[in-house]
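These notes concern the structure reproduced below.
The values are calculated or read from the model by the stated rules, or taken from the named source; none is laboratory data. Computed from a predicted structure; not experimentally measured. Note: ideal-geometry Cβ built from the backbone for every residue, glycine included; neighbour counts use all protein chains shown. Please note that ligands, DNA and RNA were not included when accessible areas were found on the heavy atoms of the full protein model with its side chains. Shrake-Rupley method; radii C 1.70, N 1.55, O 1.52, S 1.80 Å.
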Amino acid sequence: MVLLLLIVIPLICAGLIVFNPREQAKYIAAGGSLVSVVFGVVALAGFDWSRGNVDQMLVSIEWAPALGLNLALGVDSVSLLLIALTILLGPICVIGSFTAITENQKTFYAWLLILQSAMVGVFCARDLVLFYICFEFTLVPMYVLIAMFGSSNRRRASTKFFLYTFTGSVVALAGFAYVAWQHAAQTGAWSFDMAALGETARGLTAIQQAWVLLALMAGFAVKVPLFPVHTWLPLAHTEAPTAGSVILAGVLLKLGTYGVYKFVLPFAPEAVLNYAPLMAVLAIIGIVYAGLICWVQTDIKKLVAYSSVSHLGFCMLGLFAVNAVGVSGSVLYMISHGLSTGALFLMIGMMYERYHTRSMKEVSGLGSKMPVWSTFMVFFVMASVGLPGLNGFVSEIMCLFGTFQSGPWTGEAGITPGATFGMLGPVFAAIAGTGMVVAAIYLLYMTGKIVWGPLREPDGHHHHDVLPTDLSVREIGVLLPLAAGCLIFGLYPLPLMKAIEAPVNDTVAYVQSLNTGETGRVMVWTAAHDEGTHTDAAHGEADHNADEHSGEGH
Amino acid sequence: MLISPTLAAAADGAHAVGSAPGWVLLIPMLPMLAVVLNTLAAVFRVRTKLPAWTTIACLAGSFVATLFAFMALSGQTSVVTAWSWFDLSWGTGQGQRFVADFGFYIDNLTLLWMLFVTGLATLIAVYASEYMEHDVGKGYTRFFVAFALFVFSMTCLVMGDNMLMLYLGWEGVGLCSYLLIGYFYKKPSAVAAAKKAFIVNRIGDLGLAIGVMLTFVHFGTLEYAQLFQSEQLQGYIAAVQEGRAGDVPLMAQLIAVFLMIGAFGKSAQFPLYVWLPDAMEGPTPVSALIHAATMVTAGVYLIARMLPVFLVSEWALPVVAWVGTFTALLAATIGMAQFDIKRIMAYSTVSQLGYMFAGVAMLSSVGGVYHVVTHAFFKALLFLCCGAVMHGFAGQLDLRKLSGLWHMKGWRVVSVGMLIGCLNLAGVPFTAGFFSKDMIIAEAFVTPGYGFSFLGWTLLFTAGLTAYYTFRVFFRVFTGPVQYEPGDEHHGHDNDHGHDHGHGDHAHDDHGHPSSESLGHQDHGHDHFHPHPPRFAINFVLATLSVLAILAAGLYFVTPEKHGWVGSMLESTTAHNVYTADHSAAAMFLIDEDAHAAHDTHADASHGDHAAHGSILGFDPHKVMYYISAIFGLTGIGLAAYLHGPKGLVSGFLGNRVEAGRCRMDAVAKAFDPIPRWAENKWYVDELYHFLFVRPLWVVAHVFHAIDKLFVDGLVNLFGYLPRLLGRGAQPGQSGVLNGYALSMAGGVGVILFIVVLVTL
């Protein structure tokens, strides 16, 4: 029931906004999102964390029984944590926009709340059709937010955002439909229950699974976004209003990775194994390529937008490592990235409100002018760089660890006991790891320009008539929860880690169970098996490649 | 193949891991408390020296706690966990659990490091309380937040009980280093230096991260206690001892190689040393604590801590030895040609770190660690003396513009401190630096390895160079006629214009020849300038450090049978397992750690093995090294005195310098022309890196950006354009004739069916 409330409350508030005077819009929105937070806490408290892998708080309303359609809601611990992130970002976005949005306030706040409902709906849907409806519906509010409240190039950005992601999702729908059709063919009755469909999908042949994987990835990869289907993101981010960017980076991108976690991994485990190297290569290209592109940006918002492409590459890498550490790392990455990148977009918004520019050529050296803002900026940059003790590190190192462990090792106690079954491995992890260096390069480049150095302000800059020179109490209040989140997450991630352990292990098990132990799948890369001589890296690599080809032939 | 009987004892004895009492957590937590209190001070905009006193009190408390821990836990290995940090399991078998606690591992190696880290940090905080006073109300609080955070990170690095904690500390000190180098953040050069330090360190950190992951995959654990106890590691060590080094899996041998890259980054070894000299942009207390005494020795700590892992690798330690020696020589040559005294000290730090690496790599972990300790004291002292000069002369650091400080009122403590530091650094007999350096060099001739005796000679030669450049500074700045020219920081340090004097921007022709009229405060332009000598806090710290630097020599004579106090400390730790690598036979074997004490036994035993115990010119290195290195050191000092000494030094025989800017060296520099200039320009390594790495990467980034815009996004836009194009093409189809629609509909359905059939077949 709480889940239903979490979806309905923002909708009700959106309705209230529409029928109340313009001046009250932002307060209603703030109130509504704060009430959601309260119910979010209720949901967190009511959840049985010891059974995190079991869907709880189920709601099921019959919808179209003939087609097997249900309004089925439920959450496991992963879904619930992502809902928590969504709800936490709600009031932050609303309150963070108080001074930024001066026109069409009713429209803005109403759509912002509707967007929150849709996102919560995605995470708690347990019926495929409901999931898909919510998934697609998130596009509409976001489209409005960008098209109405964005910067100069907003029309193009919003259209591109909508068409690009919509086109991808339609292909994903085809994949879902295919699975549902197979299910109907096998059992004789239509159903869109996610668990049931998963079972059907796992029974498909490797080639059929490959089609399912490709179709679903077409939808989710665009959303993540994975290289090379990422170009809508920098544009949309740059043009979107601050709150839009925060939601976009914080939650909307996670719909893609959540989709991969929730559908691709359990629906097509065999195909995941076969396609993991391909997906990992795309993710790694994204990490390095987008990272380097960040370095040559002059618009800091575009820089942070591209950094999302780079960061989510780690997230995808962890997912396709398909082992406990990697997938847990990915799930943690979804939350962690939402906190730190969301915060960075807020920081940029606060600067933009004061200077009306985001160009590093026009503004620099704010450290002396806005010390509080600068302190937060450096803090969130460090969180984003992946400094140990802050959130970014926990998830990033786990994604890399998972990738590293994930084959081609012997996986035997006494030789490589820490290895797991998978198709990636140390070479992938090492190349992806260069992303850590690249991240330091571009983020410190940005910090060096915007925070440090001699002060430079745009010509004809006047002080904002509402905002103080440095951050206001409201703005600090918006940033503090995120900062606290980053710090606690970094120093004491254990509760989160334990919460997602069970569902992640269940998901991983689908793939890990394919480990038959035959040497075709599990690679040998140690000397112990090679009587006396070293099996060198090239040799291991050759084996690995050979296996990839044979793997596809199954 | 020789197996020492001490192996078994060392392998088993060191690993009885107990649990430490909870109060040990005070060591890391007190600095953390200082961070929190100072942050609160920043929030409440405290504009007094309060943050300094908070920091000093907390750090002193941490030092006292370390002393207690030393007394209570010395010789034991124990672990105390603050809270659980990472814990994830996916099975019940070995290695199917990813655990890293926020826990601390206390053994003698840790205690040794923590003693000098917290002790020096306290002293330097006292020094900084006066040194940074210009910035009270401006950056004072920020400085001490970062300072305390640094000490906390350092405790995590050194005391962490698993490799992820090490990594946390490793990057944490990197962050503090970044924040403190960039302390004068309005100066573009400081910002650039801070960025460079962080990024170059990150390259090393990547190596460390890969090493950590490789360790986990191989041993299924990240915790030291389990790692060093693991049967696998013991098995590998046994294999190496029995001459079956080939049985150790390649990937296990690579662990050490990757850890080594991390160590090179943090400890500024070639090729990742370039950040350290630039790091001198930070305030001097920072240079003394972080970039000389503590943080940069983290790499040595890493190797000492992970020595068992390094020993199972055939190449890691020899590579470390070569790189360390090469770095020592390279940095010394650059240091000889610099004019900025702080940079000279920076290069000497890089050079001395090279000695330490050579030491641990040549299986004299005692020598390496002893040098870490002695170096910590005398180099901190040297930096703080330079800082006092800089502080008093408005940022002046050019040795051509300062002279005769010894004779100035109020500068005697600084001068004496500088002399003591210089004597140590130059390795003058009976100083601490002399003993610790000798220990390393002697081992180079004892330990067989690829060209180790060549490395030994190189290190000896470098010791001569070190003595030369050290006393070059001393003779130029502290002796001779009283002459000075202030720097450009008249109003404290936090000013907008950076000091751009001297850093290699002098053309060759006038190098060393600033017009003599401009020197001397009585002349013109600087009538208002009066150097202000240090007051109590700085003098107190300098005096204390001078005493400690002298006393550090005494450590050599405590328990001489174990190579001094450091040897006795390391005995119960992982750093104790000292083996000798006989690489020519592609095998390794253990030699007796107590090579000095049990010398004869050892020599006898090694007769069977070719060149097991080397010699220097036919003598026993351990016995003659004192004399040989003394000769090199004194020659260097003599040369410095001849070329830079003041007139009247040893009755005019040695020195003839009568003014700050001119000396005999000028003629020599001219004679050797481009070489001193190249050395002054750091052999253009920075330029080379820029040309080889930074520029190409920058170009690639731009190319990627262009590709992204034109190709990747262009393709998308093309697809977006297609419907319109098709629409235009298909316009004739919209004829309104029903038959046509029906036909095309049938065709479409047919195509879809065809695809479906194709897919499902």
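Per-residue answers, yes or no, for (1) out of contact with any helix residue (DSSP H, G or I) (no Cβ under 6 Å at 6 or more places or on another chain); (2) open to solvent by 60 Å² or more (accessible area, probe 1.4 Å); (3) under 30 Å from A:L471 (Cβ atoms):
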residue	(1), (2), (3)
A:F19	yes, yes, no
A:Y27	yes, yes, yes
A:F39	no, yes, yes
A:L58	yes, yes, no
A:L69	no, no, no
A:L82	no, no, yes
A:L88	yes, yes, yes
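Quick check on my filter: what residues within segment B:55-74 are open to solvent by 30 Å² or more (accessible area, probe 1.4 Å) and not hydroxyl-bearing (S, T, Y)? Step through it out loud before you land on a result.
Going residue by residue through segment B:55-74, those that are open to solvent by 30 Å² or more (accessible area, probe 1.4 Å) are B:57, B:60, B:63-64, B:67-68, B:70-72, B:74.
Hits for segment B:55-74 are B:A57, B:A60, B:F63, B:V64, B:L67, B:F68, B:F70, B:M71, B:A72.
Of all residues being under 16 Å from the mean Cα position of the chain (by Cα) and within 8 Å of chain A (Cβ to nearest Cβ) in segment B:179-205, which is most open to solvent (accessible area, probe 1.4 Å)? Just the residue, please.
Quick first cut of segment B:179-205, residues under 16 Å from the mean Cα position of the chain (by Cα) only: B:180-181, B:193-194, B:196-205.
Now narrow it down to the ones that are within 8 Å of chain A (Cβ to nearest Cβ): B:194, B:198-199, B:202-203, B:205.
On the way: B:A194: 3, B:F198: 11, B:I199: 28, B:R202: 3, B:I203: 74, B:D205: 6 Å².
The extreme case among them is B:I203.
Yes or no: A:S50 among the polar types (S, T, N, Q), open to solvent by less than 10 Å² (accessible area, probe 1.4 Å), out of contact with any strand residue (DSSP E or B) (no Cβ under 7 Å at 6 or more places or on another chain) and part of a helix (DSSP H, G or I)? Don't jump to the end; show me each part of the working.
Values: among the polar types (S, T, N, Q): yes; open to solvent by less than 10 Å² (accessible area, probe 1.4 Å): no; out of contact with any strand residue (DSSP E or B) (no Cβ under 7 Å at 6 or more places or on another chain): yes; part of a helix (DSSP H, G or I): yes.
No.
List the pairs whose first member sits in segment A:479-501 and is part of a helix (DSSP H, G or I), whose second member is surrounded by fewer than 19 Cβ atoms within 10 Å (Cβ to Cβ), and whose Cβ atoms are under 8 Å apart, counting only residues at least 6 apart or on separate chains?
Here the result reads A:L494/B:W83; A:L494/B:S84; A:L494/B:D87; A:M497/B:D87; A:K498/A:W49; A:K498/B:D87; A:A499/A:W49; A:E501/B:S89, each pair linking segment A:479-501 to a residue that is surrounded by fewer than 19 Cβ atoms within 10 Å (Cβ to Cβ).
Across segment B:206-220, what is the total count of residues that are within 8 Å of chain A (Cβ to nearest Cβ) and buried (at least 24 other Cβ atoms within 10 Å of the Cβ)?
At the first step, the residues of segment B:206-220 found to be within 8 Å of chain A (Cβ to nearest Cβ) are B:206, B:209-210, B:213-214, B:216-220.
In the following step, the residues that additionally are buried (at least 24 other Cβ atoms within 10 Å of the Cβ) were identified as B:209, B:213-214, B:216-219.
The number of residues fulfilling the criteria is 7.
Being aliphatic (A, V, I, L, M), more than 20 Å from B:V389 (Cβ to Cβ) and in contact (Cβ under 8 Å) with a residue 40 or more places away in the chain is the filter here; which residues of segment B:126-147 pass it?
Step one: filter segment B:126-147 for residues aliphatic (A, V, I, L, M), giving B:126, B:128, B:132, B:136, B:145-146.
When the remaining residues are screened for being more than 20 Å from B:V389 (Cβ to Cβ), the result is B:136, B:145-146.
Of everything in segment B:126-147, those that are aliphatic (A, V, I, L, M), more than 20 Å from B:V389 (Cβ to Cβ) and in contact (Cβ under 8 Å) with a residue 40 or more places away in the chain turn out to be B:V136, B:V145.
Search segment B:336-358 for residues that are surrounded by fewer than 24 Cβ atoms within 10 Å (Cβ to Cβ) and pair each with any residue that is basic (K, R) and not in a helix (DSSP H, G or I) when their beta-carbon atoms are under 9 Å apart and the residues are at least 6 apart or on different chains.
Matching pairs, first to second residue: B:F339/B:R400; B:F339/B:K401.
Residue-wise test of (1) crowded, with 23+ Cβ neighbours inside 10 Å; (2) on the phi > 0 side of the Ramachandran plot; (3) within 14 Å of chain B (Cβ to nearest Cβ).
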position: A:G329; (1), (2), (3): yes, no, yes
position: A:A343; (1), (2), (3): yes, no, no
position: A:E353; (1), (2), (3): no, no, no
position: A:T357; (1), (2), (3): no, no, no
position: A:V378; (1), (2), (3): no, no, yes
position: A:L390; (1), (2), (3): yes, no, yes
position: A:P408; (1), (2), (3): yes, no, yes
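Quick check on segment B:397-405. Is at least one of its residues open to solvent by 10 Å² or more (accessible area, probe 1.4 Å) and not in a helix (DSSP H, G or I)?
Let us first name the residues in segment B:397-405 that are open to solvent by 10 Å² or more (accessible area, probe 1.4 Å), namely B:401.
After this cut, where a residue has to be not in a helix (DSSP H, G or I) as well, the list is B:401.
Checking segment B:397-405: at least one residue is open to solvent by 10 Å² or more (accessible area, probe 1.4 Å) and not in a helix (DSSP H, G or I).
Restricting to segment A:447-471, give me the number of residues that are surrounded by fewer than 16 Cβ atoms within 10 Å (Cβ to Cβ), within 34 Å of the chain's Cα centre (by Cα) and of a type in the set (G, A, S).
0
How many residues does segment A:358-399 contain that are at pLDDT below 90 and under 21 Å from the mean Cα position of the chain (by Cα)?
Counting residues in segment A:358-399 that are at pLDDT below 90 and under 21 Å from the mean Cα position of the chain (by Cα) gives 0.
Based on what the data block shows, is B:A52 surrounded by 19 or more Cβ atoms within 10 Å (Cβ to Cβ) and within 14 Å of another protein chain (Cβ to nearest Cβ)? Let's see the steps before the verdict.
Details: surrounded by 19 or more Cβ atoms within 10 Å (Cβ to Cβ): yes; within 14 Å of another protein chain (Cβ to nearest Cβ): no.
For B:A52, the condition - surrounded by 19 or more Cβ atoms within 10 Å (Cβ to Cβ) and within 14 Å of another protein chain (Cβ to nearest Cβ) - is not met.
Please go through segment A:446-478 and pick out each residue that is touching a residue at least 60 places away in the same chain (Cβ under 8 Å) and assigned to a helix (DSSP H, G or I).
A:M446, A:T447, A:K449, A:I450, A:R474, A:E475, A:I476, A:G477, A:V478
Right, B:L120: under 30 Å from B:F184 (Cβ atoms) and at pLDDT 90 or above or not?
Details: under 30 Å from B:F184 (Cβ atoms): yes; at pLDDT 90 or above: yes.
The answer is yes for B:L120.
Among (1) modelled with pLDDT of 90 or more; (2) open to solvent by 30 Å² or more (accessible area, probe 1.4 Å), where does B:A549 come up short?
Here B:A549 meets the rest and fails (2).
Within segment A:223-236, work out how many residues are under 15 Å from the mean Cα position of the chain (by Cα) and within 14 Å of chain B (Cβ to nearest Cβ).
Let us first name the residues in segment A:223-236 that are under 15 Å from the mean Cα position of the chain (by Cα), namely A:223-227, A:230, A:233.
Remaining after also requiring within 14 Å of chain B (Cβ to nearest Cβ): A:225-227, A:230, A:233.
Matching residues across segment A:223-236 total 5.
Among what's in segment A:179-213 and is among the hydrophobic types (A, V, I, L, M, F, W, C) and more than 23 Å from A:A125 (Cβ to Cβ), pick the residue that is farthest from the other protein chains (Cβ to nearest Cβ).
Filtering segment A:179-213 down to residues among the hydrophobic types (A, V, I, L, M, F, W, C) leaves A:179-181, A:184-185, A:189-190, A:192, A:194-197, A:201, A:204, A:206-207, A:210-213.
Those still in the list that are more than 23 Å from A:A125 (Cβ to Cβ) too: A:185, A:206-207, A:210-211.
Working: A:A185: 9, A:A206: 14, A:I207: 9, A:A210: 10, A:W211: 6 Å.
Checking each candidate, the answer is A:A206.
Where in segment B:283-396 are there helices (runs of 4 or more DSSP H), lying fully within it, with 3 or more residues that are under 23 Å from B:F144 (Cβ atoms)? Working first, answer last.
On the way: elements: B:284-288, B:298-305, B:307-311, B:316-337, B:341-361, B:365-392.
Hits in segment B:283-396: B:284-288, B:365-392.
Under 38 Å from the mean Cα position of the chain (by Cα), modelled with pLDDT of 85 or more and not aromatic (F, W, Y) - does that describe any residue in segment B:703-719? Walk me through how you get there before you give the answer.
Our first condition is that a residue be under 38 Å from the mean Cα position of the chain (by Cα); within segment B:703-719, this holds for B:703-705.
So of that shortlist, the ones also modelled with pLDDT of 85 or more come out as B:703-705.
From what's left, not aromatic (F, W, Y): B:703, B:705.
Yes, some residue in segment B:703-719 is under 38 Å from the mean Cα position of the chain (by Cα), modelled with pLDDT of 85 or more and not aromatic (F, W, Y).
Mind checking which residues of segment A:136-173 are surrounded by 22 or more Cβ atoms within 10 Å (Cβ to Cβ) and farther than 25 Å from A:K302 by Cα?
A:A172
Any residue that is free of Cβ contacts under 8 Å to residues at least 40 places away in the same chain and crowded, with 19+ Cβ neighbours inside 10 Å - is there at least one of those in segment A:184-201?
yes
Please determine, by comparing only the residues of segment A:41-56 that are of a type in the set (G, A, S) and touching a helix residue (DSSP H, G or I) at 6+ places or on another chain (Cβ under 6 Å), which one is modelled with the highest pLDDT. Show your work before the answer.
If we filter segment A:41-56 for residues that are of a type in the set (G, A, S), which is where we start, we get A:43, A:45-46, A:50, A:52.
The next check asks that each one be touching a helix residue (DSSP H, G or I) at 6+ places or on another chain (Cβ under 6 Å); those that pass are A:43, A:52.
On the way: A:A43: 93, A:G52: 87.
Looking at the filtered set, the residue picked out is A:A43.
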